[in-house]
Amino acid sequence: MRISYNNLFKLLIDKNMKKTELAKYAGLTPSTLARLSKNEPVSLESICKICSCLNCQIQDVVELIND
């Protein structure tokens, strides 16, 4: 099973927001932003910060894909 953050990136496009802006508003570190871009695991705390910043649910950010 792998993780995809494509839903997050689509949401950012819809909200006309750049990844760096999200990182600034949500208080994400550059390494977390890099992990998101590479579809690597990030902490649940980071996901919660993103959801709070974008006023969305976890499923709007993360998708689990069966291999």
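Sub-9 Å Cβ pairs linking a first residue in segment 1-12 that is part of a helix (DSSP H, G or I) to a second residue that is exposed (fewer than 12 other Cβ atoms within 10 Å of the Cβ) and of a type in the set (D, E, K, R), at least 6 apart or interchain, are Leu12/Lys18, ordered by first then second residue.
What's the total number of residues in segment 13-41 that are in a loop (DSSP other than H, G, I, E, B) and either surrounded by fewer than 18 Cβ atoms within 10 Å (Cβ to Cβ) or modelled with pLDDT under 95 (or both)? First the steps, then the outcome.
We begin by selecting, within segment 13-41, every residue in a loop (DSSP other than H, G, I, E, B); these are 15-18, 27-29, 38-41.
Now restrict to residues that are either surrounded by fewer than 18 Cβ atoms within 10 Å (Cβ to Cβ) or modelled with pLDDT under 95 (or both): 15-18, 27, 29, 38-41.
Counting residues in segment 13-41 that are in a loop (DSSP other than H, G, I, E, B) and either surrounded by fewer than 18 Cβ atoms within 10 Å (Cβ to Cβ) or modelled with pLDDT under 95 (or both) gives 10.
Residues in segment 42-67 that are without any contact (Cβ under 8 Å) to a residue 40 or more places away in the chain, in contact with a helix residue (DSSP H, G or I) (Cβ under 7 Å, 6 or more places away or on another chain) and either within 18 Å of Arg2 (Cβ to Cβ) or assigned to a helix (DSSP H, G or I) (or both): how many? Show your work before the answer.
Kept after step one, since they are without any contact (Cβ under 8 Å) to a residue 40 or more places away in the chain, are these residues of segment 42-67: 42-49, 51-53, 55, 57-58.
Narrowing further to those that are in contact with a helix residue (DSSP H, G or I) (Cβ under 7 Å, 6 or more places away or on another chain): 42, 46-47, 49, 51, 53, 57-58.
Those still in the list that are either within 18 Å of Arg2 (Cβ to Cβ) or assigned to a helix (DSSP H, G or I) (or both) too: 42, 46-47, 49, 51, 53, 58.
Summing the residues that are without any contact (Cβ under 8 Å) to a residue 40 or more places away in the chain, in contact with a helix residue (DSSP H, G or I) (Cβ under 7 Å, 6 or more places away or on another chain) and either within 18 Å of Arg2 (Cβ to Cβ) or assigned to a helix (DSSP H, G or I) (or both) in segment 42-67 gives 7.
The values are calculated or read from the model by the stated rules, or taken from the named source; none is laboratory data. Keep in mind it's a predicted model, so treat the numbers as computed, not measured. Neighbour counts are summed over all protein chains in view; Cβ atoms, including those assigned to glycine, are modelled from backbone coordinates with ideal geometry.
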